[in-house]
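Inspection log for the structure reproduced underneath, given as structure tokens.
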Amino acid sequence: MAANSEVLSNKQVILKNYVEGFPKETDMLVKASSISLKVEEGSNAILVKNLYLSCDPYMRARMSFNQDPDFSSFTPGSPIEGFGVAKVVDSGHPEFKKGDLVWGTTGWEEYSLIKNPQGLFKIHHTDVPLSYYTGILGMPGMTAWAGFYEICAPKKGEYIYVSAASGAVGQLVGQFAKLMGCYVVGSAGSREKVWLIPMQSQLVELLKNKFGFDDAFNYKEENDLDAALKRCFPEGIDIYFEHVGGKMLDAVLLNMRLHGRIAACGMISQYNLSQPEGVHNLMNVVYKRIRMEGFVVFDYFPQYSRFLDAVLPYIREGKVVYVEDVADGLENAPAALVGLFSGRNVGKQLVVVSRE
Ligand SMILES: NC(=O)c1ccc[n+]([C@@H]2O[C@H](COP(=O)([O-])OP(=O)(O)OC[C@H]3O[C@@H](n4cnc5c(N)ncnc54)[C@H](OP(=O)(O)O)[C@@H]3O)[C@@H](O)[C@H]2O)c1
């Protein structure tokens, strides 16, 4: 692989062109380029070896042309970017040194030159799987934690509904809600996710057995979402953790209780539509006095160490589990990313670039 000791071949996942509609594997190309493993003298950059990459729904917005400063477009012809776990190979930055483990925004490639490493988080706890920093201990974990505890303001005994419940964020919201003593129902889009899934040579009910949800349903097998929600919540929903939007949100609005809360985390059913669907039952927000609040996890990043103090013990004591869907190698990264939009992933979707 090495041409000399400092220049290596660098496999990359390149965005070919801006994407319209549902993303496809062929929107990306995996090809090799080369990279010097030394940062330029006097620069503040760091050079990292990428270990694990996170597949996240927000990346879809960056595949389209847009001028949103929070979700700026990827550059066609260049590697796409996302959250990942990496090891520092060389550093010109006083706060990072060779061998440090970090998580944060990096390139979808074997090695990345990160010009502004200030936004990266250093990884100090390695008694848990490193891949967890793409999920439960990274951006999706913070999303579940901030969204549930801060935005939902939950109370013991409340009725909670989580859509996309088996995913990176949803599986944690469900478990946090159970730890608080709430009644929790989750939905997902396949029998496999809701009912039986092979795990460590046993068949387990993912949402109910593995994550402890009180009830679960497959929304793709329900002709009437309103009826499904009335079946699961005869007394109505106090808190909806919103991941999908569209028809699901409309059905939920009909089933909210007085003074209910909706944490608007995401609306994945809308991300690939050229024309967003309308919402018809919004009047319920008024006469049921519902508080619906959107949030973006980046606003909570300054609280990362508080988050770790809360969640690391849950992992160590086995109070919270985390299911990952692991794609092996950058060659399989485009399929893993587009699979989020058909529900192919079971648990947190990530890509292993290298295990060390
Ligand atoms: N606000 C924030 O800061 C923030 C941060 C992270 C994530 N999010 C949002 O949170 C949501 C979940 O993200 P995640 O990372 O945990 O992803 P995920 O749930 O691990 O994966 C996405 C899942 O969405 C479901 N889905 C895909 N297309 C759908 C459709 N048309 N209708 C209904 N469900 C669909 C699929 O599961 P099913 O089998 O259930 O269909 C798929 O597995 C997304 O909306 C994401 O944008 C927001």
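The values are calculated or read from the model by the stated rules, or taken from the named source; none is laboratory data. Because the structure is predicted, anything quoted here is derived from the model rather than measured. Positions of Cβ are backbone-derived with ideal geometry, glycine not excepted, and every protein chain shown enters the neighbour counts.
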Check: Looking at the stretch 293-307, is at least one residue on the phi > 0 side of the Ramachandran plot, of a type in the set (Gly, Ala, Ser) and out of contact with any Leu (no Cβ under 6 Å at 6 or more places or on another chain)?
Finding: no
Check: Looking only at the stretch 252-275, which residues are surrounded by fewer than 20 Cβ atoms within 10 Å (Cβ to Cβ) and either outside any loop (DSSP other than H, G, I, E, B) or in contact with a Pro (Cβ under 6 Å, 6 or more places away or on another chain) (or both)?
Finding: Leu254, Arg257, Leu258, His259, Ala264, Ser269, Gln270
Check: What is the one condition in (1) within 15 Å of the ligand (Cβ to nearest atom); (2) on the phi > 0 side of the Ramachandran plot that Val252 does not satisfy?
Finding: (2)
Notebook entry, point to check: Hey, among the residues in the stretch 129-142 that are within 15 Å of Leu350 (Cβ to Cβ) and part of a helix (DSSP H, G or I), which one's farthest from the ligand (Cβ to nearest atom)?
Noted result: Leu130
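Conditions (1) near the ligand (Cβ under 9 Å from one of its atoms); (2) of a type outside the set (A, V, I, L, M); (3) in contact with a Ser or Thr (Cβ under 7 Å, 6 or more places away or on another chain); (4) under 22 Å from Ser131 (Cβ atoms), marked per residue:
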residue: Met248; (1), (2), (3), (4): yes, no, yes, no
residue: Ile262; (1), (2), (3), (4): no, no, no, no
residue: Tyr271; (1), (2), (3), (4): yes, yes, no, no
residue: Phe298; (1), (2), (3), (4): yes, yes, no, yes
residue: Val311; (1), (2), (3), (4): no, no, no, yes
residue: Tyr314; (1), (2), (3), (4): no, yes, no, yes
residue: Glu324; (1), (2), (3), (4): no, yes, yes, yes
residue: Ala327; (1), (2), (3), (4): no, no, no, yes
residue: Gly339; (1), (2), (3), (4): yes, yes, no, yes
Item checked: Residue under evaluation Phe295, criteria (1) surrounded by fewer than 20 Cβ atoms within 10 Å (Cβ to Cβ); (2) more than 30 Å from Thr105 (Cβ to Cβ), criterion not met -> (2)
Check: Out of all the residues in the stretch 178-199, is one or more more than 9 Å from the ligand (Cβ to nearest atom), at pLDDT below 95 and either in a loop (DSSP other than H, G, I, E, B) or under 15 Å from Glu242 (Cβ atoms) (or both)?
Finding: yes
Next item on the list: Look at Lys220 and say whether it is within 11 Å of the ligand (Cβ to nearest atom), out of contact with any His (no Cβ under 8 Å at 6 or more places or on another chain) and charged (D, E, K, R).
Entry: yes
